[in-house]
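Q: Below is a structure I'd like to ask you about.
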Amino acid sequence: MFKNACLALGMSLGLSACATYAPIESRTPAESAPRVTVPATQQRPVAPMPSTKPSGYGQAPSTGRAPEYLPSPPVPQPRPVIATAVPAAKALLDKARLARKQGLLAEADALLERAMRLAPTEPSLYLETAEVRLAQGNFSAASQFAQKTLSLLGGRDAFSSRDQRADAWRVISTARQNMGDTAGAEQARREMERWY
């Protein structure tokens, strides 16, 4: 229904753009309407425009003189919207993983911050940030980012996200162990084993 309405609207707009009118001088006195005087500042000169289109395209029927109308401007088409945030975040995540593996932790951290601005609900970004914080020795932040990962994974399919869940619990266990919380580390280790 909507498609048919759009098609009908498009066709009527297209046909109305092709409509031509007879020059004012060729009308009979009975057809002519009262003339309105337009100030000289608003008048546009009408001159034949050179055309690159085939002869007769968009012109009034031949009356022996040049047509006295201006062609309508083309209707601008809307640009398509392209979603690029998630692929860009994925590319930044890949670069951050490589930087972390090469020991460039500050660079990895900066890349992950940019990626999180693009895709703030992507658990992989928080898990990788937790890994970077763990490598930097910032155990409290590593644990917090791993818990954020688990929070974002909360409603997702447990089977498809089990590796991320296990890795998040591994980071939490390691961080707690390094902070001296052996009981908390053991509890996190049991959670990790549940997902492996």
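Read-outs: derived from the displayed coordinates by stated rules, not from any lab. Please read all numbers here as calculations on a predicted model, not as lab measurements. FYI the Cβ positions are ideal-geometry reconstructions off the backbone, even for glycines, and counts take in every protein chain you see.
Q: Find the residue count for region 167-195, including only residues that are small (Gly, Ala, Ser), surrounded by fewer than 16 Cβ atoms within 10 Å (Cβ to Cβ) and either within 15 Å of residue 131 (Cβ to Cβ) or within 32 Å of the chain's Cα centre (by Cα) (or both).
A: Matching residues across region 167-195 total 0.
Q: From the list 174, 121, 129, 149, which residue is more than 22 Å from residue 107 (Cα to Cα), in contact with a Leu (Cβ under 8 Å, 6 or more places away or on another chain) and not small (Gly, Ala, Ser)?
A: Criteria check complete, one pass: 174.
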